[in-house]
Amino acid sequence: MAAEHVLVLISVDPETSHRTNEAIRIALGIIAGENHVTIALTGPAAKVFTTEVEDLVDGEDIQKHLATLKKLGQVFHVHTGAIPADERWSPDGATIVPFTTDDVPRLIARSDRVLVF
């Protein structure tokens, strides 16, 4: 069976919900199943790249999952409107691909499955 391409679109605020961590954990699990995954962060979900990630809900777990994804070479798509001009926002070695709202249909179209959080 051929590997599938899965889009994991995350917009949940990691300051108020554990769902951001769960979405990242699920994406990591899908990658472990040897599928291709696009992780797209919109709105407050981009806060996972704050230097104060441990202060987020499940922040320590988010930090661990992001570190593993970075080691695997996972690219993170981040909506241009979610990238703050703030020195506390630090992708710390992650490859960031900015995208716009106009890019969302293309991301969906190239995916076999889409998970939205």
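The values are calculated or read from the model by the stated rules, or taken from the named source; none is laboratory data. Every value quoted in this text rests on a predicted model; they were computed, and no experiment measured them. Note: ideal-geometry Cβ built from the backbone for every residue, glycine included; neighbour counts use all protein chains shown.
Quick check on this structure: which one of Thr38, Thr101 is loosely packed, with under 15 Cβ neighbours inside 10 Å, under 16 Å from Val116 (Cβ atoms) and in contact (Cβ under 8 Å) with a residue 12 or more places away in the chain?
Numbers: Thr38 fails: loosely packed, with under 15 Cβ neighbours inside 10 Å.
Going through Thr38, Thr101 in turn, the sole match is Thr101.
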Does Thr16 satisfy the criteria of being among the β-branched types (Val, Ile, Thr) and surrounded by fewer than 21 Cβ atoms within 10 Å (Cβ to Cβ)? yes
Being among the β-branched types (Val, Ile, Thr) and within 23 Å of Glu4 (Cβ to Cβ), is that true of even one residue in the range 96-107? yes
Any residue that is more than 22 Å from Val104 (Cβ to Cβ), polar (S, T, N, Q) and modelled with pLDDT of 95 or more - is there at least one of those in the range 4-20? yes
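Can you tell me which residue is surrounded by the fewest Cβ atoms within 10 Å (Cβ to Cβ) among those in the range 82-98 that are of a type in the set (A, V, I, L, M) and farther than 21 Å from Glu22 by Cα? First the steps, then the outcome.
From the range 82-98, those of a type in the set (A, V, I, L, M) are 82-83, 85, 94, 96-97; that's our starting set.
Restricting the remaining residues to those that are farther than 21 Å from Glu22 by Cα gives 83, 85, 97.
Values: Ile83: 15, Ala85: 5, Val97: 12.
Per the criteria, the residue is Ala85.
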Residues of the range 54-67 being under 24 Å from His36 (Cβ atoms) and loosely packed, with under 15 Cβ neighbours inside 10 Å, which ones? Ala67
Answer yes or no: is there a residue in the range 43-64 that is more than 25 Å from Asp86 (Cα to Cα) and more than 14 Å from the chain's Cα centre (by Cα). no
Selection from the range 22-37 of residues in a helix (DSSP H, G or I) and of a type in the set (Gly, Ala, Ser) yields Ala23, Ala27, Gly29, Ala32
How many of the residues in the range 38-86 are over 25 Å from Pro105 (Cβ atoms), touching a Leu at 6+ places or on another chain (Cβ under 6 Å) and not in a helix (DSSP H, G or I)? 0
Go through the range 87-114 and give me each residue that's of a type in the set (A, V, I, L, M, F, W, C) and assigned to a strand (DSSP E or B). Trp89, Ile96, Val97, Phe99, Val114
